[in-house]
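What follows is a short report on a single structure.
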Amino acid sequence: MQKTWRSTLLVAYTLAILAFLYLPLFILTLYSFNDSRINAVWAGFTLKWYASLLSNDRVLEALTNSLLIASITTVVTTIMGTFAAIALHRYQYRSKTVLNSLLYLPILIPEIVMGLSLLILFSQLGLSLGKPTLIVAHITFCLSFVIITVGARLEGSRQDIEEAASDLYATPLQTFRYVTLPMIAPGIIAGALMAFTLSIDDFVISFFVAGPDSTTLPLYIYAMVKRGISPQINALSTCMMLVTVSLVVVSQLLQMKSLHDTRKE
């Protein structure tokens, strides 16, 4: 009887936490289909706010900027992060522990501190704020996530297979291409998806280093909210949320698959 009471209480507590987390998102999504401009009044179901996004030039410009910046950031951080993770995993040197610890600093430092520090750096270098500074800033805070994700996959990879390839006279490039790369591919893809998600969703750091012609979707939504919350904002936020959730789910599935493959090995 006491066990049943505790189980019921635990389930109720869990449901309350889930409701606290997801109810606002559900309400936002629901009112993105509201036929009224006033969020407090439900006037019927409509898709006109989603259709209006396709005819809004400023939204399309912000979307183009976000996709361009996120895509470049993802490609650069994936390549740099993969080779950095391999180097950190394969080679031994005195300061390895210190360097590995420094990788977590961009994750632990508050975004407002990083954004301000990058703004000061660009100002000291005399760089005009715009897409290049946004890309550099996004690479800076996304790189650690990719290194850590790929490094976790490398920790579970079998180095004896690479040694066997070398014993069969495979060159280092052939070993990397046909053995190492396929083994760590799930970790690389998961890291790339994580970098893309972080870049396309970032607001705080982008707010500091974006120029007048480099407005991203989060910055555009912030500017719209200052003029009042409309169903169009709800629709745009819902689209961003769906894209983000989809990428996170795919990334988690790849990491789970990577972990499962490692255990099978």
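Restricting attention to region 111-147, the residues being under 16 Å from the mean Cα position of the chain (by Cα) and surrounded by fewer than 19 Cβ atoms within 10 Å (Cβ to Cβ) number 3. Residue count for region 170-186 under the criterion of being without any contact (Cβ under 8 Å) to a residue 40 or more places away in the chain, assigned to a helix (DSSP H, G or I) and either hydroxyl-bearing (Ser, Thr, Tyr) or under 18 Å from residue 139 (Cα atoms) (or both): the result is 2.
For (1) open to solvent by 60 Å² or more (accessible area, probe 1.4 Å); (2) over 26 Å from the mean Cα position of the chain (by Cα); (3) among the hydrophobic types (A, V, I, L, M, F, W, C), each residue gets a yes or a no:
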| site | (1), (2), (3) |
| --- | --- |
| 10 | yes, yes, yes |
| 21 | yes, no, yes |
| 28 | no, no, yes |
| 38 | yes, yes, yes |
| 57 | yes, no, no |
| 63 | yes, no, yes |
| 69 | no, no, yes |
| 78 | no, no, no |
| 89 | no, no, no |
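Tallying residues that are within 18 Å of residue 107 (Cβ to Cβ), in contact with a Phe, Trp or Tyr (Cβ under 8 Å, 6 or more places away or on another chain) and surrounded by fewer than 21 Cβ atoms within 10 Å (Cβ to Cβ) within region 199-240 yields 1. Within region 81-97, is there a residue that is touching a residue at least 12 places away in the same chain (Cβ under 8 Å) and aromatic (Phe, Trp, Tyr)? Looking for residues that are touching a residue at least 12 places away in the same chain (Cβ under 8 Å) and aromatic (Phe, Trp, Tyr), one finds none in region 81-97, hence no. Put simply, of 131, 96 the only residue that is under 16 Å from residue 206 (Cβ atoms) and of a type in the set (D, E, K, R) is 131. Whether a residue is of a type in the set (Val, Ile, Thr), in a helix (DSSP H, G or I) and at pLDDT below 90 was assessed, and residue 140 does not pass this test.
Look at region 103-127: where a residue is over 10 Å from residue 208 (Cβ atoms) and a partner is in a loop (DSSP other than H, G, I, E, B), sitting 6+ places away or on another chain with Cβ atoms under 9 Å, you get 121/127; 123/129.
Of all residues in region 187-226, those being of a type in the set (Asp, Glu), within 15 Å of the chain's Cα centre (by Cα) and outside any helix (DSSP H, G or I) number 1.
Does residue 127 count as of a type in the set (A, V, I, L, M), at pLDDT 85 or above, more than 16 Å from residue 111 (Cβ to Cβ) and not in a helix (DSSP H, G or I)? The answer is yes for residue 127.
In contact with a strand residue (DSSP E or B) (Cβ under 9 Å, 6 or more places away or on another chain) and among the charged types (D, E, K, R), is that true of residue 35? So residue 35 passes the test. Beta carbons closer than 7 Å, at least 6 apart along the sequence or on distinct chains, never pair a first residue in region 244-265 that is within 14 Å of residue 185 (Cα to Cα) and modelled with pLDDT under 75 with a second that is outside any helix (DSSP H, G or I) and among the charged types (D, E, K, R).
The values are calculated or read from the model by the stated rules, or taken from the named source; none is laboratory data. Everything quoted here is computed from the prediction, not taken from an experiment. No Cβ is skipped: glycine too gets one built from the backbone with ideal geometry, and neighbour counts run over all protein chains shown. Please note that ligands, DNA and RNA were not included when accessible areas were found on the heavy atoms of the full protein model with its side chains. Shrake-Rupley method; radii C 1.70, N 1.55, O 1.52, S 1.80 Å.
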